[in-house]
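Since the structure comes first, as structure tokens, the remarks are kept for the end.
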Amino acid sequence: MSARSLSGHEGLPEDPLDTVDAPVDLRFEVEVEAGPAPVWRTLSEVSRWPLWNRGVSFAVLDGELAPGTRLHWRADGMRIASQIAELEPQRLLGLTLRTMGGRGYHRWTLEPLEGDRVLVRSEEIWDGLGVRILRRTLRRTLSRSRTHWLEALKNQVEGSGEGDA
């Protein structure tokens, strides 16, 4: 199955993805033939993102994977400063996003399915002056990027043999 569109942290609303008028609002999901543990392991090993996702050129986590920890990365040509805002191992990872001209939020959610499968959801919003000016381009670029990200995650987990873990 391919990725498809679904079109309590300080300073964040109760659910940061509930921004009604965000100019860029992306939602995708993919089913992975593996349990939550190997999917989570692949997603949560931030420094390894560039090894399996060609859209990420570097990713550095400033400490342990925990709420409040900062993350600096480059994806699709954008330098992004993030902070982990939500973390529930094997279930949820949410990051604030900041880049020149924009602020956003990204959440990955893992939902176990029958038959040792997981539904991985990727939800992301962006706002800011630069985002409003370039919204069409950003929607197109980020849609391709996030679809690829989910497909790469699926391929990494299913192709690594970790699906049996």
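The values are calculated or read from the model by the stated rules, or taken from the named source; none is laboratory data. Just so it is clear, the model here is predicted, and its values are computed rather than measured. Virtual Cβ from ideal backbone geometry, glycine too; neighbours counted across all protein chains shown.
For the range 15-60, which residues satisfy the criterion of being part of a strand (DSSP E or B), of a type in the set (Val, Ile, Thr) and crowded, with 16+ Cβ neighbours inside 10 Å? The answer is Val24, Val30, Val32, Val56.
Checking the conditions here, which among Thr147, Thr141 is in a helix (DSSP H, G or I), among the hydroxyl-bearing types (Ser, Thr, Tyr) and over 13 Å from the mean Cα position of the chain (by Cα)? Steps first, answer last, please.
Details: Thr147 fails: over 13 Å from the mean Cα position of the chain (by Cα).
When all the criteria are applied, what remains is Thr141.
If you filter the range 95-121 down to residues that are small (Gly, Ala, Ser) and either at pLDDT 95 or above or outside any strand (DSSP E or B) (or both), you find that the one that is nearest to Leu142 (Cα to Cα) is Gly101.
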